[in-house]
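Here's the structure, in structure tokens; my notes come after.
The values are calculated or read from the model by the stated rules, or taken from the named source; none is laboratory data. A quick note: this is a predicted structure, and the numbers were derived from the prediction, not measured. Positions of Cβ are backbone-derived with ideal geometry, glycine not excepted, and every protein chain shown enters the neighbour counts.
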Amino acid sequence: MNSDAIKKIRHFNRYYTAWLNVLNKGYLSTDFSWPESRTLFEIYLCHGITATEICRNLNMDKSYVSRILSKFEKQGFITRELVPSSKGLKKLLLTDAGIKAAQQIDLNGDRQITDKLNDMDEETCEKLCAAMAFIEKTLQHHDSRRESGT
């Protein structure tokens, strides 16, 4: 890969993370940081997920996820339940307060995109969505080829 392509990709990443406001405290008008929001939302999307699965799905450090989960447990957002016939494996479940917080993240995320793109015409929005789907598909294909060694 040439240095110009690297610079363009890094520029886009910096722009997009700033555009989404992921670097600010209180992501999506909540009391959570971006990693906390994503972790809580992952538990919301994947009922009974384990901490190991969160680490894998979000490509996050195990100790960082552990600290986030401990915080959520103390705040009453999650409970941990032993998986039957496992060696200490625990699934994560949202409490009513956790569900409410995750739903607020979801609602605020929808609102954020609506507010930012409200005046975008339908054709441009469709092109944007197609470009995003292309990026995701391309990166997934590249990752799967790297993982399989081809």
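Of all the listed residues (Leu58, Leu45), the sole one being under 13 Å from the mean Cα position of the chain (by Cα), surrounded by 15 or more Cβ atoms within 10 Å (Cβ to Cβ) and modelled with pLDDT of 95 or more is Leu58. Considered as a group, the residues in the range 33-65 that are in a helix (DSSP H, G or I) and among the hydroxyl-bearing types (Ser, Thr, Tyr) include one that is nearest to Val22 (Cα to Cα), and that residue is Ser37. The condition of being under 22 Å from Val22 (Cβ atoms) and not hydrophobic (A, V, I, L, M, F, W, C) holds for only one of Gly149, Gly109, that being Gly109.
Which of the residues belonging to the range 98-129 are under 19 Å from Ile54 (Cβ atoms) and either not in a helix (DSSP H, G or I) or not acidic (Asp, Glu) (or both)? The answer is Gly98, Ile99, Ala101, Ala102, Gln103, Ile105, Gly109. The number of residues in the range 61-89 that are of a type in the set (Lys, Arg) and either closer than 12 Å to Thr39 by Cβ or under 21 Å from the mean Cα position of the chain (by Cα) (or both) comes to 4.
Tell me, please, whether a residue that is without any contact (Cβ under 8 Å) to a residue 40 or more places away in the chain and of a type in the set (A, V, I, L, M) can be found in the range 25-44. No, the range 25-44 contains no residue that is without any contact (Cβ under 8 Å) to a residue 40 or more places away in the chain and of a type in the set (A, V, I, L, M). Entry remark, the range 73-100: residues being under 18 Å from Cys46 (Cα atoms) and in contact with a strand residue (DSSP E or B) (Cβ under 8 Å, 6 or more places away or on another chain) number 16 in total.
The residues listed here are Gln104, Gln112; of these, the one that is out of contact with any Leu (no Cβ under 7 Å at 6 or more places or on another chain), in contact (Cβ under 8 Å) with a residue 60 or more places away in the chain and more than 30 Å from Met1 (Cα to Cα) is Gln104.
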